[in-house]
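Bear in mind that the values in this text are calculations on the coordinates, not laboratory data. In this text the structure is predicted, and so the values were computed from the model without any measurement. No Cβ is skipped: glycine too gets one built from the backbone with ideal geometry, and neighbour counts run over all protein chains shown.
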Amino acid sequence: MLRRPHYITLGLVVLLTLLVLNLPDQTTARLKLGIGSIFLPLFGLANTAQQSAEQAAARLLPRSVLIEQNRRLTRENEQLRLQAIQAAEIDRENARLRQWVGWQRQQPWKLKLANVVLRDPANWWRTVHIDLGARDGLTNDLPVLTPEGLVGRVSSVSLTRAQVVLLGDPNCKVAARVVNSTRDLGVIESSGPLDIDLVEMSYLPRHATAKPGDAVVTSGEGGIFPKGIPIGTIVDVQSVEYGLAKAARVKLAVNLNALEQVWVMFPSNP
Amino acid sequence: MNSLTTLLILLMAILVVFWEAAFNPIRSWLGAQVELLPALMVYTALRHSLTAVALLAVVGGLCFDSLSANPLGISVLPLFLVGLLLLLKRDLILHQQPFAQMVLGFAASALAPVLTLLILLTGGTTPLLGWGSLWQLLVVAAGGALAAPVFFELFGWFDRTLVYGPAHQTTFRPDREIRRGRL
């Protein structure tokens, strides 16, 4: 049976909830950051523990393994440097051709490495927190990727941390293109709550020739993601909306469950 | 209510939220992260006062939402409602029994996310939902069922270690005192 103190407390909690939910977006974001700063000492503690574990693991590695790793990385580094020289030459050629034809030169991008520090505790969102923030130059809507492909975009930024909304979250939609002869366009959306590696590519035209195994990349439309970033490969295609359109399930190139480090893309001349 | 225990409950709420956000293996393995705040609320509602329940709902809910993409404050009311319900019925519950604690942990951990989702959907937000959400709810509820007795044990130990126990009545009764005369 509810008594007077129960009514009063319930009223106060409802009032507080309504008040916080109806705050302006900017105030809510600041409040979130303020409350999130409670966790800063725990971040520090977790980082120290992780670093200690890594150092301990590094000490346990035999010298022969380290030497072999070093040789392999040196070889890889040399190959990449050669590729970079070739790419620079192609870039110069591309710039010359663009100048002749009169096309606008594409904006180059810079990359910054970030560690994934936290994941969304709620099961109905797919977001992570990274350890770069406004002091590192981050702003909203910057693309986030790994060497395998696209991960998502920055959705909110605090001084030292940022929240990244991952592919498959209802708030992360990406304009994409199938790498095939017809270059079918579609939109990457969320699929199911359990299939973290699968997303849905909707709004494919009904004459689309996309088939399982085709690669999917960003189309560059929408203004957030530059074109050509790998997203994944098509698993299956089906007709939807009474045959008026097609939708495909896409297996992501990146394993979102195992994200530890990501790259944030910055435009070179912000 | 002991203010030290309430403080410990609030500290535990912060730790629990951080653990949920930082510890990923359960999510990778079972496809869902366990929510421990409802299980903590079960302990608080059955052993502490209305003020402690309200404080846990506000602090725990706001901390949870600050690390999540949830609108800030959305988790406060569901947690409080779960706590209030248990608080009102606690005289009827055998809360000393671990099995009862597990059942309550299961029910609370299932109810709190459902209420949160209802508020989210009412507010026009579209979270990631599907048939897989039922499995996620089962994992969350099972996690809560396992966590509730652990919280009872843990805070029982805290109480025994840190809090003064109630003073027991002595066996001395003045009416049974033998008064001796001069002889």
Cα pair count fraction exceeding 29 Å, expressed as % - chain A:
50 percent
Rg(Cα)/(2.2 N^0.38 Å) for segment A:39-114, N = residue count
1.89
Mind checking which aspartates and glutamates have their Cα closer than 14 Å to the Cα of A:Lys251? Skip sequence neighbours fewer than 8 apart in that chain.
A:Glu148, A:Glu189, A:Asp195, A:Asp197, A:Glu200, A:Asp214, A:Asp236
Just A:Ser219, A:Ser156, A:Ser37 to compare: in a GNM of chain A, with alpha carbon springs under 10 Å, which one fluctuates most?
A:Ser37
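For a 26 Å ceiling on Cα separation, which of these pairs sit above it: A:Lys32/A:Lys110; A:Lys110/A:Lys211; A:Lys173/A:Lys227; A:Lys112/A:Lys211; A:Lys112/A:Lys227?
Details: A:Lys32/A:Lys110 29 Å; A:Lys110/A:Lys211 34 Å; A:Lys173/A:Lys227 14 Å; A:Lys112/A:Lys211 35 Å; A:Lys112/A:Lys227 19 Å.
Where the Cα-Cα span goes over 26 Å, the pairs concerned are A:Lys32/A:Lys110; A:Lys110/A:Lys211; A:Lys112/A:Lys211.
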Cα pairs beyond 13 Å in segment A:4-59, in percent, come to 74 percent
Net charge over other residues, Cβ less than 12 angstrom from the Cβ of A:Leu142 (K, R count +1; D, E count -1)
+1
Which of A:His6, A:Pro62, A:Ser37 sits farthest toward the positive end of the charge dipole of segment A:1-68, with +1 on the Cβ of Lys and Arg and -1 on the Cβ of Asp and Glu?
A:His6
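Under a point-charge model restricted to the Cβ atoms of Lys and Arg (+1) and Asp and Glu (-1), what is the dipole moment magnitude of segment A:174-270 relative to its Cα centre, in debye to the nearest 20? Walk me through the numbers on the way to the answer.
Details: 8 positive and 10 negative charges, 67 e Å.
Taking the Cα centre of segment A:174-270 as origin, the dipole is about 320 debye.
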From the Cα trace of the protein assembly as shown, what convex hull volume per residue do you get, rounded to a whole Å³?
227 Å³
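Taking each residue in A:42-49, count the Cβ atoms of any other chain within 10 Å of its Cβ, then average. What number comes out?
Numbers: counts 7, 2, 0, 1, 3, 0, 0, 0.
Mean number of neighbouring Cβ atoms from other chains: 2.
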Output ³J(HN,Hα) for segment A:128-145: one whole-Hz value per residue in order, computed from phi by the Karplus curve 6.51 cos²θ - 1.76 cosθ + 1.60 with θ = phi - 60°, and x for Gly and Pro.
9, 9, 10, 8, 10, x, 4, 5, 9, x, 6, 10, 5, 6, 7, x, 10, 8
Mind pulling up the Rg/Rh value for segment B:1-151? Radius of gyration and Kirkwood radius, both on Cα.
0.95
If I take every Cα pair under 8 Å that is 6 or more residues apart in chain A, average their sequence separation and divide by the length, what percent do I get for the relative contact order?
15 percent
Can you find, among A:Val240, A:Thr209, A:Gly228, the residue sitting farthest towards the positive end of the charge dipole of segment A:108-270, where Lys and Arg contribute +1 and Asp and Glu -1 at Cβ?
A:Gly228
Whole angstrom only: what separates the Cα centroid of segment A:123-175 from the Cα centroid of segment A:191-270?
16 Å
For the charge dipole of segment B:3-162, defined by +1 on Lys and Arg C-beta atoms and -1 on Asp and Glu C-beta atoms about the Cα centroid, which residue among B:Cys63, B:Ala52, B:Leu15 has the Cα displaced farthest towards the positive pole?
B:Ala52
Once whole DSSP H runs in chain B are found, which of them have Cα atoms spread over 27 Å or more along the helix axis and a mean Kyte-Doolittle score of at least 1.0?
B:3-22, B:98-122, B:132-162
